[in-house]
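Asks: Dropping a structure here in structure tokens format, bear with me for questions.
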């Protein structure tokens, strides 16, 4: 099938999810100046000289304006430590549990929260350019009876955002018949397909060599391009059995 470049890579988020402009306004200051025409000043009447005397108090107003901030500055400086005190005393939030690789079986890794159960088995899928485009993880659950038979595990598959949701995700083990499942939800880290896997499928994966996953990505308004990602089944049995320990 044709392959195209996936615009964004899928980052690890499965384990934590399973268990995790302003500018200050400027003050415009307008200077007041006399508006009388100097050419007409000699023609002014006798009371005209009294006009500057009447305006003298107005000329003192700008000199008073800086005085008020100068008096308030110490008060603001004294209040600054009190306002900053809560930020300095705020306790730091402790970091949550982090996934750690505790074992490797073939092409599969076992990850546990802080190195302790619950754990998952995981493998990453890459496109032809070597970019990570898929994350597959499997975790064990208590046995359940379904229409497909006994289920003891759940599979999570994450692919990049932008896939055709209606096409779902296909899975083919070696040359067996392909199966298809729908995506469950899309989050910031990608689209998730979560599906219980019956024991019959687990047995097929234990005996198989390659699991091929497929999803469709839109391209140029002319339908979509299907991506097929091969997942190695080397070490699958040992990794799956390790989850039960």
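The values are calculated or read from the model by the stated rules, or taken from the named source; none is laboratory data. The structure displayed is predicted, hence computed values, not measured ones. Ideal geometry is used to build each Cβ from the backbone, glycine not excepted, and the neighbour counts take in all protein chains shown.
Asks: If I filter region 213-220 for residues that are at pLDDT 95 or above, assigned to a strand (DSSP E or B) and closer than 24 Å to residue 104 by Cβ, do I get at least one hit?
Replies: Yes: one or more hits.
Asks: For the list (1) out of contact with any helix residue (DSSP H, G or I) (no Cβ under 7 Å at 6 or more places or on another chain); (2) surrounded by 17 or more Cβ atoms within 10 Å (Cβ to Cβ); (3) under 19 Å from residue 126 (Cβ atoms), I need the number of the one condition that residue 198 fails.
Replies: Status for residue 198: all satisfied but (3).
Asks: Quick check: is even one residue across region 223-240 over 15 Å from residue 138 (Cα atoms), at pLDDT below 95, exposed (fewer than 14 other Cβ atoms within 10 Å of the Cβ) and out of contact with any helix residue (DSSP H, G or I) (no Cβ under 9 Å at 6 or more places or on another chain)?
Replies: yes
Asks: Ok, one more. Taking strands (runs of 3 or more DSSP E) that do not extend beyond region 121-190, which have at least 1 residues that are touching a helix residue (DSSP H, G or I) at 6+ places or on another chain (Cβ under 7 Å) and modelled with pLDDT of 95 or more?
Replies: Output list reads 132-146, 149-159, 169-173.
Asks: Further, regarding this structure: Residue under question is residue 118, and the condition is that it be within 26 Å of the chain's Cα centre (by Cα) and surrounded by 15 or more Cβ atoms within 10 Å (Cβ to Cβ); does it hold?
Replies: For residue 118, the condition - within 26 Å of the chain's Cα centre (by Cα) and surrounded by 15 or more Cβ atoms within 10 Å (Cβ to Cβ) - is not met.
Asks: Kindly indicate the residue of region 201-212 that is assigned to a helix (DSSP H, G or I) and touching a strand residue (DSSP E or B) at 6+ places or on another chain (Cβ under 8 Å) and also surrounded by the fewest Cβ atoms within 10 Å (Cβ to Cβ) among those meeting that condition.
Replies: By that ranking, first place goes to 204.
Asks: Here is a list of conditions, (1) surrounded by fewer than 16 Cβ atoms within 10 Å (Cβ to Cβ); (2) on the phi < 0 side of the Ramachandran plot, and residue 220 meets all of them except one; can you say which number that is?
Replies: Here residue 220 clears every test but (2).
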